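Have a look at the structure below, then the notes.
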Amino acid sequence: MSIPRRRFLGNAAAAAAGASVLPGVKPVNARAEESGRLRLGVIGVGWYGMVDAKAALKVGGTEIAAICDVDAEHLEKSAAELEQLQGKRPRTFKLYEEMLDGGDLDAVIIASPPHWHALHLLACLKRNLDVYCEKPLAYDIREGRAMADAVRQSGRIVQIGFQRRQHDSFRQVREFIAAGEAGEIVQVDAQIHYRAGTKDPTPKDPPPTLDWDLWCGPGPLIPYSEQVGHFNWRLEKTSGHGHLVDWGIHLIDAARMILGVTVPRKVVAAGGIYRMKDAITTPDTLTVHFEFDRCPIVWRHRLWGAEEYAPEVNNGLFFFGTKATVYVTDNRWVVIPSGKNGDRKEYTPKTEAGERHMADFLSAVRERRQPACPIEEGYRSTTTVKLAMIAYETDSVISWDEQAEDIPDHPEARKLLRRDYRPPYRHPSMA
């Protein structure tokens, strides 16, 4: 099916990035300029760090020079795979400081769990390194502000891993809505329903290859179990902070991009752990109403239940407009016109979003320009979902003062803007 009459974004990978050169920023080092190859380090290679590393190699002009992980098994397996892919084995490190102090890196990919992101990113900036940091930006809102301020002061290039900003489906919907084709957008619904798998939550000794104390880092030292360890930490309150923060944040970020909004002024949340008690520590069922200036965004998730009635819409966004409803997900979007018997139109643009997002970052490093998702955008999306969790955990309506970056007249909620670090780690907002 042909695309609507207005010209959409198509495959212009840098369209959202802007081309402004950052003033006063050091270019990539002379070695990189001479060789044409950027030397990258990766922090966290258990899963998505390797996805990002492979994307960087596929883009080209890169070498994964060093990798870091607190699990020796991850290091060994990933080093061997990278050696096969690039013909050279990366140096391996358990401690990220030692990797960063090597002095031979141009940029770093941060794919550690989010409770480590702030310390990892700030350490990279201290060493004048550019950074590709996975989402969410931070564990708490005060971390995110400290990180964004530090990036601004450093002038380094930082891309946050919201890859859906690169999907042609989401970009085309942004143009469709901006052109007024859907009319006035009255509400947006966002949802990701699926049956989450869980592992044994019984406390046990961690694997001998894993330094669990170091993995917990600035967060609380909780008992190890398979359910809070590798991968499944996403549904653990002290690390991933749940399905909305880990997975739903992609759709919240995409909705903000499409609508051109910043952060909500009011948030209400309701839900609980109804089916997966004693297995996870974040809600298996959650509904959140985000009140943005333009229109509300309503989030829903359910991590249990039988098959979906309409599985084709279990992961995506609905934009309800006065002229049409638009549904969008990865590589597909549908227009349902208002009125009876209107013909639905479906579009299926294909995008390698992860590779495109990494390509945008690497070109931004070389060109010294802002990437498609600079840190302030990552901060806004992270703040949005974190406010939802504060509303849920305090069982209250949260009002957010965007200018003051504060929750007025609610001491209990304000305390949750910053989590105390476990000694000897020091929260960046307290430095």
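Worth a mention:
A quick yes/no check of all residues on (1) charged (D, E, K, R); (2) modelled with pLDDT of 95 or more; (3) in a helix (DSSP H, G or I):
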| position | (1), (2), (3) |
| --- | --- |
| ASP189 | yes, yes, no |
| TYR194 | no, no, no |
| THR202 | no, yes, no |
| PRO206 | no, yes, no |
| TYR224 | no, yes, no |
| TRP233 | no, yes, yes |
| SER239 | no, yes, no |
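- Scan of the range 189-216 for residues that are in contact with a Ser or Thr (Cβ under 6 Å, 6 or more places away or on another chain) and crowded, with 17+ Cβ neighbours inside 10 Å, ordered by number: PRO201
- Residue in the range 221-242 that is free of Cβ contacts under 8 Å to residues at least 12 places away in the same chain, open to solvent by 20 Å² or more (accessible area, probe 1.4 Å) and at negative phi present: no
- Here PHE318 meets the list (1) farther than 20 Å from ALA190 by Cα; (2) touching a strand residue (DSSP E or B) at 6+ places or on another chain (Cβ under 8 Å) almost entirely, failing just condition (1).
- GLY183 satisfies every condition listed in (1) open to solvent by 20 Å² or more (accessible area, probe 1.4 Å); (2) touching a strand residue (DSSP E or B) at 6+ places or on another chain (Cβ under 9 Å); (3) not hydrophobic (A, V, I, L, M, F, W, C) except (1).
- Against the list (1) more than 24 Å from ARG356 (Cα to Cα); (2) without any contact (Cβ under 8 Å) to a residue 24 or more places away in the chain; (3) in a helix (DSSP H, G or I), the condition GLU97 fails is (2).
- Qualifying residue in the range 61-69 (condition: at pLDDT 55 or above, open to solvent by 60 Å² or more (accessible area, probe 1.4 Å) and not polar (S, T, N, Q)): no
- Scanning the range 260-283 for residues that are touching a residue at least 60 places away in the same chain (Cβ under 8 Å), over 27 Å from GLN187 (Cα atoms) and β-branched (Val, Ile, Thr) yields a single hit, ILE280.
- For the range 79-94, the criterion of being in contact (Cβ under 8 Å) with a residue 40 or more places away in the chain, closer than 23 Å to PRO218 by Cβ and touching a Pro at 6+ places or on another chain (Cβ under 6 Å) is met by none of the residues.
- Verdict on GLU402 being surrounded by fewer than 18 Cβ atoms within 10 Å (Cβ to Cβ) and touching a residue at least 12 places away in the same chain (Cβ under 8 Å): yes
- Qualifying residue in the range 258-276 (condition: touching a His at 6+ places or on another chain (Cβ under 8 Å), modelled with pLDDT of 95 or more and over 18 Å from SER381 (Cα atoms)): no
- In the range 132-170, the residues that are acidic (Asp, Glu) and closer than 23 Å to LEU387 by Cβ: GLU134, ASP140, GLU143, ASP149
- The residue of the range 272-295 that is surrounded by the most Cβ atoms within 10 Å (Cβ to Cβ), among those that are assigned to a loop (DSSP other than H, G, I, E, B) and aromatic (Phe, Trp, Tyr), is PHE292.
- Restricting the range 405-431 to residues that are surrounded by 14 or more Cβ atoms within 10 Å (Cβ to Cβ) and acidic (Asp, Glu) leaves a set whose member that is nearest to the chain's Cα centre (by Cα) is GLU405.
- Filter result for the condition that a residue is within 26 Å of GLU377 (Cα to Cα), in contact with a Pro (Cβ under 8 Å, 6 or more places away or on another chain) and either among the charged types (D, E, K, R) or open to solvent by 10 Å² or more (accessible area, probe 1.4 Å) (or both), over LEU119, LEU125, LEU105: LEU119
- The residue list TYR327, TYR379, TYR425 contains one member that is touching a strand residue (DSSP E or B) at 6+ places or on another chain (Cβ under 6 Å) and either of a type in the set (Phe, Trp, Tyr) or in a helix (DSSP H, G or I) (or both), which is TYR327.
- Answer residue from the range 303-324, given it is under 26 Å from GLU352 (Cα atoms) and polar (S, T, N, Q) and is surrounded by the most Cβ atoms within 10 Å (Cβ to Cβ) among those: ASN315
- Identity of the residue in the range 325-361, open to solvent by 20 Å² or more (accessible area, probe 1.4 Å) and of a type in the set (A, V, I, L, M), that ends up nearest to ILE249 (Cα to Cα): ALA359
- The range 352-377 residues that are under 16 Å from GLY61 (Cα atoms) and modelled with pLDDT of 95 or more, paired with ones that are among the basic types (Lys, Arg) and open to solvent by 10 Å² or more (accessible area, probe 1.4 Å) (beta carbon under 6 Å, 6 or more apart): GLU355/LYS58
- Here ASP149 meets each of (1) over 26 Å from LEU416 (Cβ atoms); (2) without any contact (Cβ under 8 Å) to a residue 60 or more places away in the chain with one exception, condition (1).
- Residue match in the range 257-271 (condition: touching a Pro at 6+ places or on another chain (Cβ under 6 Å) and either part of a helix (DSSP H, G or I) or open to solvent by 10 Å² or more (accessible area, probe 1.4 Å) (or both)): yes
The values are calculated or read from the model by the stated rules, or taken from the named source; none is laboratory data. All values reported here derive from a predicted model rather than from experimental measurement. As a convention, Cβ positions derive from the backbone with ideal geometry for all residues, glycine included, and neighbour counts pool all protein chains shown. Ligands, DNA and RNA are stripped out before the accessible areas are found, and what is left, the full protein with its side chains, is counted by its heavy atoms. Shrake-Rupley method; radii C 1.70, N 1.55, O 1.52, S 1.80 Å.
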